[in-house]
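Colleague: My questions will all concern the structure given below.
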Amino acid sequence: MAILKRDPRLTSWQSTLCGGVAGVLSRTATAPLDVVKILTQVGTFHSKQGFLNTFQLVYKAEGLQAFWKGNLTACVRLFPYSAVQLSAYHRLSVLFMDDLGQISPSKAILAGSVAGMLAAIVIYPTDVIKTRLIVQNSLEPTYRGIIHALYTVYYQEGFRPLYRGVSLSILGAVPFSAGLFFMDVSLDRVWQVSGARLTPLQNFVNGCLAAAVAQTLSFPFETVKKKMQNPERPPRASEYERATADLHTTSRSIPQQVAQSHILPHCGGVDVHFNGVVDCFRQIVKIKGILSLWNGLTANLLKIFPYYGLMFSTFECCKRYFLYQNGYLVSPLSNQLMPGVDQSLGPWELQELRKFLRQKNIENRNPSLKS
């Protein structure tokens, strides 16, 4: 069950652009929730006072602009991610098709999962950079931007940290795909209609519910990945005290955090000490409890409805514009189909047919003179 289904009446670059624009707008609008989610997953001092107080702590410590830390990186990575994912999904779909050109829902989900993993691996360094930019103090930044962050991480820590935690993206795709498949089967039974006949509202609800279940199942892998992407350090007392001075009248001790990397002292720190993926899982459960693997899930679930609402509406607006440009719709403001146009034809096929009909009309208007 793809969230943004590619329309065969659009070209590849049009589909990529529609998905990219929709992703940028929805990602920017819900960036504050994503920042809180990642800070909670990593375990910085901001998240020690609970979900709601994290917003207030971030605002008091760094200001309003802190809620959009790493947003530019997240938006920039959407376009290459969409391009790689769509290309891989198309090739895998062709590979999984039967002799009649049909593909089963389970194989479609498998193709989408593999395509998503390939896209994530290709642009994974940008995910690491996004996490570093979000966790750092924006008032005293270690990184001045995307390029500077890539350069700094590579020359100070090497190439491997840019792919630290990438295995968790691959492992997390298994429960994510299982969640999608489960919701795909369950929701079809609820609606009692085939997926092709669902209304836009039903598709939106399906997307939100499927994303909620799939992300909940794969969230522990995401939490460990975020902790591994960020080098650790103990928070400075002044940061914590300034952020909590107006919230609490009694003084609290600063949570003890063990530094794993002294290279980047301003990048924030996680709340457990670990060596590797398996040890990170073990230490989180041992020190924080098994439910801490889902820290940040509340912010993640809260952003799903506005995120997918904006993404669906923006994608549909962009798609209508290009369908109008390609000659399938009467107007970019409605879904009214162009009379006499075969909607099963691809954009290039329709263009070639129009050229042929135009040439034929010209020939009919200017018949050759016969002696």
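The values are calculated or read from the model by the stated rules, or taken from the named source; none is laboratory data. Quantities reported herein were computed from a predicted structural model and do not represent experimental measurements. Ideal geometry is used to build each Cβ from the backbone, glycine not excepted, and the neighbour counts take in all protein chains shown. To get the accessible areas, we keep the full protein, side chains included, count just its heavy atoms, and leave off ligands, DNA and RNA. Shrake-Rupley method; radii C 1.70, N 1.55, O 1.52, S 1.80 Å.
Colleague: Over the range 80-119, with every protein chain in place, what whole percent of the accessible area is carbon and sulfur at 1.4 Å, could you tell me?
Modeller: Solvent-exposed carbon and sulfur of the range 80-119 make up 65 percent of the total.
Colleague: While we're on this one: What does the accessible area of Ser344 come to, in Å² to the nearest 10, when a probe of 1.4 Å is used?
Modeller: Near enough 100 Å² of accessible area.
Colleague: Oh, and also: Using 0.36 nm per residue, how much length does the chain from Ala178 to Tyr151 gain when fully extended, once their Cα-Cα distance is taken away?
Modeller: This chain segment gains 6.0 nm when fully extended.
Colleague: Full-extension gain between Lys286 and Ser12, please, as 0.36 nm times their residue separation minus the C-alpha to C-alpha distance.
Modeller: Stretched fully, the Lys286-Ser12 segment lengthens by 93.9 nm.
Colleague: By how many nm would the segment from Arg144 to Ser106 grow when fully extended, if each residue of separation counts as 0.36 nm and the alpha-carbon distance is taken off?
Modeller: Working it through step by step, the gained length comes to 9.3 nm.
Colleague: Using a 1.4 angstrom probe with every protein chain in place, what is the largest-first accessible-area order of Lys319, Lys227?
Modeller: Lys319, Lys227
Colleague: Using the Kirkwood radius built from alpha carbon pairs, what does the Stokes-Einstein equation give as D for the range 279-371 at 20 °C and 1.002 mPa s, in µm² per second?
Modeller: 115 µm²/s
Colleague: At 1.4 Å probe size, with no ligands or nucleic acids counted, give the accessible surface of Arg9 in Å², nearest ten.
Modeller: Looks like 40 Å² after rounding.
Colleague: Still on this structure, please answer the following. Once R0 is set to 30 Å, what does the formula 1/(1 + (r/R0)^6) return for the Cβ-Cβ distance between Ile121 and Arg358, expressed as a FRET efficiency to the nearest 0.05?
Modeller: 0.05
Colleague: Starting from 0 in steps of 10 Å, tell me what percent of the Cα-Cα pairs of the range 38-78 lands in each bin.
Modeller: Once binned at 10 Å, the Cα pair distances of the range 38-78 give 28, 49, 22, 1.
Colleague: Would you report the distance distribution of C-alpha pairs in the range 70-188 as whole percents per 5 angstrom bin, up to the bin with the largest distance?
Modeller: Pair shares across the bins are 2, 11, 16, 17, 17, 12, 9, 7, 5, 3, 1, 0, 0.
Colleague: Ordering Glu157, Glu352 by how much accessible area each has at a 1.4 Å probe, largest first, what is the list?
Modeller: Solvent-accessible surface, decreasing: Glu352, Glu157.
Colleague: A further question follows. I need the calculated FRET efficiency for the pair His90 and Tyr321, taking r as the beta carbon distance and R₀ as 30 Å, to the nearest 0.05.
Modeller: Once the sixth-power term is evaluated, E becomes 0.85.
Colleague: Could you tell me what a quarter of the Cα convex hull surface of the range 19-137 works out to, in nm² with one decimal place?
Modeller: About 8.5 nm², averaged over all directions.
Colleague: I'd like the accessible area for Ile170: 1.4 Å probe, protein heavy atoms, all chains in place, Å² to the nearest 10.
Modeller: 70 Å²
Colleague: Next question. Quick one: which residues, 5+ away or cross-chain, put their amide H under 5 Å from the amide H of Leu329? H built at 1.01 Å from N.
Modeller: Those lying under 5 Å, H to H, from Leu329 are Tyr324, Met338.
Colleague: If you don't mind, there's one more thing I want to ask. Which one, Ala115, Ile170, Leu57, projects farthest toward the positive side of the charge dipole computed for the range 33-183 from Cβ point charges (K/R +1, D/E -1)?
Modeller: Ranked along the dipole, the leading option is Leu57.
Colleague: Mind giving me the nanometre distance, one decimal, between the label points for Asn335 and Val190, set 7 Å out from Cα along Cα→Cβ?
Modeller: Going by the 7 Å Cα→Cβ label model, 2.0 nm.
Colleague: Oh, and also: Considering only protein heavy atoms, with the full assembly of protein chains and a 1.4 angstrom probe, order His148, His90 by accessible area, largest first.
Modeller: Ranked list, largest accessible area first: His90, His148.
Colleague: Let me ask you something else. Restricting things to alpha carbons, tell me how big the range 55-103 is in terms of Rg and Dmax, in Å.
Modeller: Rg, Dmax (Cα atoms, Å): 20.2, 61.
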